[in-house]
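For reference, the structure discussed in these notes is given below.
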């Protein structure tokens, strides 16, 4: 029973209020509590009305990726928990302390996803992408090196796969990219996951975007002709009205 209520009962219902009604932000209507099975630590996410409460955008997956990973579902409770913990880390005001806390919080996020029944590969991908955002925000130059190595690794993997059509020998590059991730030490699993997921899922994402963008452009044109608001058709993947959405925060 990893997620439960303040009273200790099993969390049978996740109460979420969409605020405002046309936005991509949600508030808990009742607090939730998570018990980490690895450390025994208790995490509590406050409900609206409490001083420390704040809205969540759930699993803030960009619209083009919704066909692969939904923004809500079994991952909702872990995502709400992760959003709350991420805000606490950012509020520390110390980059190194925030980085250390986020690394643990991201691990808790992955554990919670698995306990909620999220498939292993999907949970790992969600963990990897919130971890990438963590390294970007708090990791400094070393964090950017992690992202750069992951991106380069993905490009090398894709190039080797294409070259393998003419000479299968190029496939030996794939394990080499995996071994190269060891250079990042404790972050090796993250670099390897990012590199291979970018290489394998990148083409699928491009196909999704190729199908989505023309439709959104048609929607924008219709809005423009009819006196509507063309910018609204890109929600929730763009900044609208000062809200932040569409970023993979967890």
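Values in this text are rule-based calculations from the coordinates and carry no lab data. Predicted model only: the values in this text are computed from it and were never measured. Glycine gets a Cβ as well: all are built from the backbone with ideal geometry, and neighbour counts include every protein chain shown.
Can you list, largest first and rounded to whole Å, the semi-axes you get for the chain by taking the square root of 5 times each eigenvalue of its Cα gyration tensor?
Ellipsoid half-lengths, sorted descending, are 32, 27, 16 Å.
Considering only C-alpha atoms, what is the centroid distance from region 169-203 to region 1-56, in Å?
35 Å
How high is the relative contact order of the chain? Use alpha-carbon pairs under 8 Å, at least six apart in sequence, and give a whole percent.
17 percent
Taking 35 Å as R0, compute the FRET efficiency from the Cβ-Cβ separation of residue 151 and residue 9 and round it to 0.05.
Between residue 151 and residue 9 the formula returns 0.20.
Just to be sure I understand: with springs between alpha-carbon atoms less than 10 Å apart, which residue in 36, 106, 57 has the highest mean-square fluctuation in the Gaussian network model of the chain?
Result: 36 has the largest fluctuation of those listed.
So how many Å³ per residue does the convex hull of the Cα atoms of region 156-243 work out to?
Enclosed volume per residue, from the Cα hull, is 113 Å³.
Output the relative contact order of region 1-138, whole-number percent, from Cα pairs under 8 angstrom with separation of 6+ residues.
Value for region 1-138: 17 percent.
Mean-square fluctuation check for the chain, GNM, Cα pairs under 10 Å: which of 37, 78, 175 is largest?
Among 37, 78, 175, the largest mean-square fluctuation in the Gaussian network model of the chain belongs to 175.
Figure the gain on full extension for residue 54 and residue 224 (residue separation times 0.36 nm, minus the Cα-Cα span) and round it to one decimal in nm.
57.7 nm
Can you tell me which of 13, 137, 115 moves the most in a GNM of the chain? Springs connect C-alpha atoms under 10 Å apart.
The residue that fluctuates most here is 13.
Calculate, axis by axis, the spread of Cα positions in region 1-138 along the three principal axes, and write the results as whole Å, longest axis first.
34, 34, 29
Taking the beta-carbon count within 10 Å as an exposure proxy, list 82, 4 from fewest neighbours to most.
Exposure proxy ranking, most exposed first: 4, 82.
For region 48-116, state what percent of all Cα-Cα pairs lands in each successive 5 Å bin, counting from 0 Å until the bin that includes the largest distance.
3, 17, 21, 22, 20, 11, 4, 0
I want to make sure I understand the PRE zone here: with the label point 7 angstrom from the Cα of residue 92 toward its beta carbon, which residues in region 4-42 have backbone N atoms less than 18 Å away?
Under 18 Å, as judged by backbone N against the label point of residue 92, lie 39, 41-42 of region 4-42.
Return the calculated 222 nm mean residue ellipticity for the chain, to the nearest 500 deg cm²/dmol, obtained by summing -39500 (n - 2.57) across DSSP H runs with n ≥ 4 and dividing by the residue count.
So the helix-based figure for the chain works out to -17500 deg cm²/dmol.
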